[in-house]
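Below is one structure, written out as structure tokens, with a few remarks after it.
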Amino acid sequence: MNKYDRQIRLWSEAGQGSLKSARHLVLGVTAATTEFVKNMVLAGIGHVTIVDGNSVTEADRSASFFMHHDVDGSNRAQVIAQYIQSLNDEAEVVGAAENPNHYIQTPELLASYDIIITTRLADDILMQLWKNVCKTSVLIQIDSYGCVGQVRSFFLWHTIVDSHPESRVELYLHNLWSEIESYSDSIDLEALENHDHEHIAFVVLLIKALQEWKRRHHNGPPSTLPEKKEFKAIIKAFERTYDQENVSEAVRNAWRVSVPKVPEGLSKLFEIQEGCNLREFGLQLTFFSLVRALKQFVAKYDRLPLSGDLPDMKSDTAGYNRIVEIYRTKAKQDAEQFARVYLNLCQLEGLEPASQSEIEHFCKNCRHIRALRGVPPNEDKRLNLRVHEDSEFKSIFSAICGANEYLYRNHLTTWYGDQSAAEALRDYSAHYADQVGLVYDSSAEELHSVSAFLGGIAAQEATKFTLHQYTPFMHTLVYDAIKQATHVFLNGEIFN
Amino acid sequence: MSSTQRGLRTLLGENAVKRIRTSKVLLVGAGGIGCELIKELVVAGFGEIHLVDLDTIDLSNLNRQFLFSQQHIKKPKALVARDVAKEFNPNVNIVAYQDNIMDAKFSVKWFESFDLVFNALDNAQARQHVNKMCVATNTPLFDCGTAGFLGQCQVIIPGKTECYDCREHPAPKSFAVCTIRSTPSLPIHSIVWAKSFLFSLLFGPPAAESQFDETETDDNREELEKLRKEQNELGDLRENLTSPDFMNKLVHKIFMEDIKRLLSMDAMWENRRAPVPLEVPEYSSKDGQTLASQDQRVWTTAESLSVLADSVERLVSRLEAEKEISFDKDDEDTLDFVAAASNLRSSIFGLGLKSKFAVKEIAGNIIPAIATTNAIVSGLGVIEAMKYLAGLDADLRSVNIWRSADRVFTSEKPAAPNPECLVSGVARTTMTAPADFTINQLIEDILKLKLGYSEVSILSDRLLADPDYDDNLEKTLQELSLHDKFVTVIDDDDERVNLEIYITEGPVNIEQVEIPLRPNQSEADSELLDPADSIPPISSKRTAQDAGLPGTTSSAPGQTFVDLTEQDDAIDLT
């Protein structure tokens, strides 16, 4: 047992390993980014560097748990790093007393981080940073102003292999192989005693029904409604005793005889990588080379590799064990064939191949893999302003971007006491200024609970980007604490 | 107060900031959500925080409960949380109690002294108790909870909104005894068998009463007979725990003889996959310890037997000092026994095998928990509390964390109280009476004479009296320990709603109370009222059966239930 037990139950040891090797860079200390770091360090992140050039202010003290009178005058990043390091000695927490701009303008300083967290950056600076890091990192900006805030994520691609599907069951009955067929043929249903007949696994009943179907029709498995009815009638005719359970199971699973399609998202991924130089996928090179190999596998065998997972079924023990064995063997063969295709491809393209276990993991999950294509910061703003609904959230978004811009241009951390700032904020917020008042009233200060909420959301997103198991939101989440509501501005593409 | 809080002032108003500063808050639970709430309440400037938690710190808490670290393991959560929070932030002012919140010392009077209550609990029983105390004392309650990526925060303003019990919560999983003992069909059935039956009969405290419903029918006579024999044989084996041949005898009995006995009941297997008695391969307890540490992979039959043999040796050697041992998911000896025994049974019945890691989750009712969801839920909870103090009643929202493509959570205006609810929909009053006051006096002098009842039933946590049950009539409040507790009075003429009386010690006196009539069924079924109308809660019927009193629950013959939730399972029990 280890201290991550309660989260390993969600994302497995492999996921915890990904967290352990992840490196985050946090540019700018606010209550929200502090909460972010606290959450990641508790979860077992490998390394985080926190960068901030300022010392603790009165506004920090009113919004952050770790900043109080005793640390007045100390550097914010170092105070935070010291406290948060004490929460987990397995994580490495470094506080750098430097201006985040120095990092933004020095690509070498940015190169080794998987995720870069920013706060209150003006959009063109964000864009400048994005250009430097988009090939190597995900960018997340957290902005918290009073009772409103937002979290924005920018990434080129995010890929997911284990998407936690409800089931990986696939029977491939339309495309029988010799072992399963001869097992089915070895059973003579009519010769069986009632008791044995009731204990024939539904998989066998479906194969028998399909054989009968093929004797009657020559155009593939049943597809139209009347055809499906007829097929179910064939199954139903096997019934010897009233409400025979295995026959009912076969009827319920009749849909499984149809030809399984390659999921739409996966076909699109097949197209996207086609003809590309795989190296263009940067961090996702391994994923896309596995996708290319999968496409070649499908071209060769006309189906995806078998997962080997079976549903529960009523059956005698020997019969069930035999079917499990046949499916497992087939899945293992498929995995070996897939690995061969993939390793060939790597050799041809001169790529460093993934590990054996990564290949197997991909193969087992191939029907459920997922990929997301994100958008850069300038796209996100331009496209959002086209959105017509949710004008209130759009207005908050606009006001927050305006506030970021105003603070940045004027080298300020607050506009407290400056009434002319209201007008200036309005200018910076362009046309969507209804909610500027809400942002202005905050004096650019944070409410701790709002920042804790946003820090929680952002850390959950960073965890998803690190684990490659869950789908992050795409890509801007706006929060209004008074209305207690969020809105996500959807953008980019998802393939699944 | 941590700072000038200019932002808070402008956004919520001077009054709200003042109310936050002078509020006295009760926080129940110093676990994942509790630690977050402490931090948030301190920074928001809440003046006085009382923190109650019975539990001690465990290694598996450290991935989210940021106030605790390695050096605090096994120390009380409430006290450590108070001390560490103060190290992080000198403004912290917490009164901490290492206690069960259901303890009588946390009386109605004590609850009355708080302006707000936060629930940060993970077990329904304590949550229901706090909910009831808050409704009885008219104290706003913010009930927070999480499970993995999911979570919720319910805003409860007594009399105006639903309470925790106004909606039904899913009952803890329970299984028919026959499923566990004779016809398991899922891996969890084997685990419950290994933990609640096999382990407790061999090592646990002697069972108070038979787990079986004694009602025999023609259908289950044979099965019950055999199960009784099986149980008696285990009792005999327990007598011989220290014999060198114990392990062989145990394996022979539970994995071979008992299975053969089950197989002999032909009718049972007509429609089921029949079990196959274990073929015992070579194994040795020497390998047990090494194998037991491999908790992520599924063991083979021989490996499970090795772990079983080794864990039996370890448990038996402890019996000299301990007399009896209860299952605890964090007690490796007990967990190894249950993991090994359950997998052996699963392989006999052709059920899926589980790694020790997975068995632990099921046997220990472990709920996954992560820092981020706790942070999200706590943030939402404190924001709602601040809105309440700022007088933004119309904006209060209960929240469910349920992530979809376009949002993080759904929020809703809290609904009006459910008139059928056993907490929100009853009349309440308080009374004082001396220690020697009897139940009969309560019925005759108070309920009949002063309140005009004719026939009543009285319950506390059990049935005290009804027109047919008079055993307790001459017993006193002291004998029945009824001081500082609620008793429920049910009108047996079925006209009035239930009355809850809170009894404290003193000269005989009952607070005036109006007991509304029970609404007729058609009214009760009508839609919930808008909370804005803030109509006071009306009615409900509570019967002895609802209260789940012994002997009054009905169940099909042979269908006694084993409750999976046992004391030792509660994770952050407060």
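The values are calculated or read from the model by the stated rules, or taken from the named source; none is laboratory data. This one's a predicted model, so the numbers in the text were calculated from it and none came from an experiment. In this analysis, Cβ positions are derived from the backbone assuming ideal geometry, glycine residues included, and neighbour counts consider all displayed protein chains.
General observations
- Filtered residues of the range A:202-229 (kept if outside any helix (DSSP H, G or I) and surrounded by 11 or more Cβ atoms within 10 Å (Cβ to Cβ)): A:217, A:220, A:221, A:222, A:223
- Number of positions in the range B:2-26 that are among the hydroxyl-bearing types (Ser, Thr, Tyr), more than 25 Å from residue B:51 (Cα to Cα) and modelled with pLDDT of 85 or more: 0
- Number of the condition not met by residue A:477 [criteria: (1) surrounded by fewer than 22 Cβ atoms within 10 Å (Cβ to Cβ); (2) under 32 Å from the mean Cα position of the chain (by Cα)]: (1)
- Top-ranked residue in the range A:433-467 [being assigned to a loop (DSSP other than H, G, I, E, B) and surrounded by fewer than 20 Cβ atoms within 10 Å (Cβ to Cβ); ranked as nearest to the other protein chains (Cβ to nearest Cβ)]: A:441
- Among residues of the range A:480-496, those that are under 21 Å from residue A:377 (Cβ atoms) and surrounded by fewer than 18 Cβ atoms within 10 Å (Cβ to Cβ), counted: 4
- Scope the range B:319-346; condition in a helix (DSSP H, G or I) and either in the same structural domain as residue B:58 (by TED's automatic domain parsing) or of a type in the set (A, V, I, L, M, F, W, C) (or both); matching residues: B:319, B:321, B:335, B:337, B:338, B:339, B:340, B:341, B:344
- Put simply, of B:227, B:234, B:278 the only residue that is of a type in the set (A, V, I, L, M), modelled with pLDDT of 90 or more and touching a Phe, Trp or Tyr at 6+ places or on another chain (Cβ under 9 Å) is B:278.
- Wholly enclosed helices (runs of 4 or more DSSP H) of the range B:1-114 bearing at least 1 residues hydroxyl-bearing (Ser, Thr, Tyr) and within 11 Å of another protein chain (Cβ to nearest Cβ): B:6-12
- Across the range A:58-80, the qualifying residues are those that are more than 9 Å from chain B (Cβ to nearest Cβ) and assigned to a loop (DSSP other than H, G, I, E, B), and the one among them that is modelled with the lowest pLDDT is A:72.
- Boolean, residue A:49 is in a helix (DSSP H, G or I), more than 9 Å from every other protein chain (Cβ to nearest Cβ) and surrounded by 18 or more Cβ atoms within 10 Å (Cβ to Cβ): no
- If the condition is being in contact (Cβ under 8 Å) with a residue 12 or more places away in the chain, crowded, with 16+ Cβ neighbours inside 10 Å and over 14 Å from the mean Cα position of the chain (by Cα), then the range B:164-185 contributes B:166, B:175, B:176, B:177, B:178, B:180, B:181, B:182, B:183, B:184.
- Strands (runs of 3 or more DSSP E) fully within the range B:382-456 counting 1 or more residues that are within 14 Å of chain A (Cβ to nearest Cβ): B:398-404, B:407-412
- Scanning the range A:295-326 for residues that are away from every other protein chain (no Cβ under 13 Å) and part of a loop (DSSP other than H, G, I, E, B), we see that the one that is surrounded by the fewest Cβ atoms within 10 Å (Cβ to Cβ) is A:302.
- Residue list for the range A:86-105, filter: in contact (Cβ under 8 Å) with a residue 40 or more places away in the chain and within 11 Å of chain B (Cβ to nearest Cβ): A:87, A:88, A:90
- Sole residue being within 30 Å of residue A:168 (Cα to Cα), in contact with a helix residue (DSSP H, G or I) (Cβ under 6 Å, 6 or more places away or on another chain) and either at pLDDT below 85 or of a type in the set (A, V, I, L, M) (or both), chosen from A:372, A:454, A:467, A:425: A:467
- Between B:315, B:291, the distinction of being under 31 Å from the mean Cα position of the chain (by Cα) and modelled with pLDDT of 90 or more belongs to B:315 only.
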